[in-house]
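Here the structure comes first, spelled out in structure tokens, and everything after it is commentary.
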Amino acid sequence: MSASERTSDVRALLDSSYRAALQAVAPARLLAPFLTGPRPDFVLAFGKAALPMLRAALDTYRGVPGLAVPPRGTPDLSAPGGTDVWPGSHPIPDEHSARAAEQALARVRALPQGAQLLVLVSGGGSALLSAPWGVTLAQKQTLTGELLRAGADIGEINVIRKHLSQVKGGRLAQATRAQVRALIISDVIGDDPSVIASGPTVPDPSSFAEALSLLDRYGLSAPEARAHLTAGVRGDLAETPKAGELTHTQNTIIGSNRVLLEAAQAFLAARGVRSVILGDTFAGEACDLAGFHASLVQSVRSYGTPFQGPLVLLSGGEATVTVRGDGQGGRNQEFALWLLQALGERGVYALSAGSDGIDGNSEAAGAFLTPDSHARAQTLGLNPREFLTRNDSGRFFAALGDALITGPSGHNLNDYRALWVES
């Protein structure tokens, strides 16, 4: 087999492992075992998987009215009759997100005592369902953008969001007299339901004081937000509901990054390929994660430790990127470019991609690496370090022909990394 044929085969294997894993844990499949119990009187779905989750639920509960809040730009916005679809914006909320939240609040507030409310939650819900409190929508947009650029992780961003919102941090559930059953697909490390989509149906352990301290940590002025949070610290505003307060609500995690990685492992095993799941809780800067993975690749190659090759190393979680440039890309392509930089001429077969099909501000879901990526980049005059300085990994991999383009997946289960390593 020629080098080009081998590259094509391994790249296709990694690509197929990603797509097959997403198909195996499609929202409808994750949801099906949990569609039991009382028939709901209303179904509210929001997040990147809102529409596939709602369609699956209404296949079981035909005729139940519903409201879906998917990302604007979702290719297929069709929904069963009796369902309203109000697309919102992600990752920065906009006026569509605010209108969607108004609709959701109006519908759940109108439900009588004893009614059954089914809430279907998936990643991205924080931005898609946005009801600003104490700040204007424009001010919240600006603050969210500043937090993302400063490198705040999703948990930290959500602490602030919860205390500037009428729906997050358990306030959505607090707004209804109905019995609430929430089925949740996790897109956060650790699968804490109070963090996923900022926990609209979950008691909130965070506080106004914690939110205010995060603004200090990242050096953000945000005067209007500060004034609101300070009023909360003084006790002038009601805190988010705490443990024991939402007794009419049940929250269940039905899918996570771990499930995605296990599906990929099963796919590879069926093809006779050994794989190891390194973990689903990797966090931190993409450059640091890439450095760790590069060290592991080198150890397997040189010493056969801690694993004997050939095998595929699988990992998940969610990297972060402190943005200092004005380029295109996202955390998965940034990880891949740092991995290329770390390994240099002795490269590796790898795929790093977001399970939602969108990586940052690029059109790609992620990027591939091959052992000759460094040599091909040199031939084209592409300097990885220069692209990293600009946070321009998207343009680097597009020029190299190694961007993974899938379009929105209608799902969100964190990051997917697969590295083929031989001893």
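Just so you know, all these numbers are worked out from the coordinates, no wet-lab data involved. From a predicted model like this one, the values you see are computed outputs, not experimental measurements. Every residue, glycine among them, receives a Cβ derived from its backbone with ideal geometry; neighbour counts consider all protein chains shown.
Loop-only check: which chymotrypsin sites (Phe, Trp or Tyr not before Pro) in segment 1-86 are DSSP coil with at most 14 other Cβ within 10 angstrom?
Working: sites: TYR18, PHE34, PHE42, PHE46, TYR61; in loops: TYR61.
Of the chymotrypsin sites (Phe, Trp or Tyr not before Pro), not one in the loops of segment 1-86 has a Cβ with at most 14 other Cβ atoms within 10 Å.
Pulled fully out, how much extra length does the chain show between GLN378 and LEU137, if you take 0.36 nm times their separation in residues and subtract their Cα-Cα distance? Kindly include the intermediate steps, with their values, before the conclusion.
Numbers: separation 241, 0.36 × 241 = 86.76 nm, distance 4.55 nm.
Using 0.36 nm per residue and subtracting the Cα-Cα distance, I get 82.2 nm.
Once both axes come from the Cα atoms, what is the angle between helix 95-110 and the longest principal axis of the chain, in degrees from 0 to 90, rounded to 10?
50 degrees
Can you list the trypsin sites (Lys or Arg not before Pro) in segment 297-388 that are in a DSSP coil and have 16 or fewer other beta carbons within 10 angstrom?
Details: sites: ARG301, ARG324, ARG331, ARG346, ARG376, ARG385; in loops: ARG324, ARG346.
Loop-located and lightly packed - ARG324, ARG346.
Take the alpha carbon atoms of segment 338-370, find their center, do the same for segment 256-319, and report the distance between the two centers in whole angstrom.
14 Å
Can you check what the net charge comes to around PRO80, using other residues whose Cβ is under 9 Å from the Cβ of PRO80 (Lys, Arg +1; Asp, Glu -1)? Before the final figure, lay out the partial values.
On the way: positive: ARG55, ARG62; negative: ASP59.
Once positives and negatives cancel, what remains is +1.
Tell me, in nm to one decimal, what length is gained between THR36 and GLN103 on full extension, where the rule is 0.36 nm per residue of separation less the Cα-Cα distance?
Values: separation 67, 0.36 × 67 = 24.12 nm, distance 2.64 nm.
Length difference between fully extended and current span is 21.5 nm.
Take the chain, compute every pairwise Cα distance, and split them into 10 Å bins from 0; I just need the percent in each bin.
The distribution over the chain is 5, 22, 30, 23, 14, 5, 1, 0, given as percents.
Add +1 for every Lys or Arg and -1 for every Asp or Glu among the other residues with Cβ under 15 Å from the Cβ of ALA115, and state the total.
Values: positive: ARG39, ARG107, ARG109, ARG177, ARG181; negative: ASP41.
For residues surrounding ALA115, the net value is +4.
What length, rounded to one decimal in nm, is gained on full extension from HIS248 through to THR60, with 0.36 nm per residue of separation minus their alpha-carbon distance?
On the way: separation 188, 0.36 × 188 = 67.68 nm, distance 2.32 nm.
Extra length from HIS248 to THR60 when fully extended: 65.4 nm.
Taking neighbour Cβ counts within 10 Å as the exposure measure, how do LEU14, LEU143 sort from fewest upward?
Details: LEU14 26, LEU143 22.
In order of increasing Cβ crowding within 10 Å: LEU143, LEU14.
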